[in-house]
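Student: Right, I'll just put the structure down here and ask away after.
The values are calculated or read from the model by the stated rules, or taken from the named source; none is laboratory data. Everything numeric here is computed off the predicted structure, so don't read it as measured data. So basically every Cβ, Gly included, is an ideal-geometry build from the backbone, and we count neighbours across all protein chains shown.
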Amino acid sequence: MVLDPLENFPASALAYDHMVDSFDDDSATVQEFAKRCRVFTVEIEHVDVATLEKLEQQGLDCEPKASTIQIIQLIPCICF
């Protein structure tokens, strides 16, 4: 199952379920998506840390943890 803001995201042909919405806010869709998951994984760091913290407080296993995402977001991008 995948949450993505794009209707036709790259893995859409492979995902058994797909919800379209932003993953960088505390929307009702993110909450509904999380209810369907036993483990909530994040592949990019552009997510709302507060939302991940809420999900963790509700007992959902989030990987990486909200605290890890927060550290990543604080590290400035180093470009060469």
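Student: Kindly provide the set of residues from region 2-33 that are assigned to a loop (DSSP other than H, G, I, E, B), over 12 Å from the mean Cα position of the chain (by Cα) and not acidic (Asp, Glu), ordered by number.
Tutor: Within region 2-33, Leu6, Asn8, Phe9, Pro10, Ala11, Ser12, Ala13, Leu14, Ala15, Tyr16 qualify.
Student: Same structure again: Do we find a residue being crowded, with 16+ Cβ neighbours inside 10 Å, modelled with pLDDT under 85 and under 10 Å from the mean Cα position of the chain (by Cα) anywhere in region 61-68?
Tutor: no
Student: Please go through region 5-30 and pick out each residue that is over 23 Å from Ile71 (Cα atoms) and touching a residue at least 12 places away in the same chain (Cβ under 8 Å).
Tutor: Pro5, Leu6, Glu7, Ala15, Tyr16, Asp17, His18, Met19, Val20, Asp21, Thr29
Student: For region 34-53, which residues satisfy the criterion of being in contact (Cβ under 8 Å) with a residue 24 or more places away in the chain and under 12 Å from the mean Cα position of the chain (by Cα)?
Tutor: Answer for region 34-53, where residues must be in contact (Cβ under 8 Å) with a residue 24 or more places away in the chain and under 12 Å from the mean Cα position of the chain (by Cα): Ala34, Cys37, Val39, Val42, Glu45, Val47, Asp48, Val49, Ala50, Thr51.
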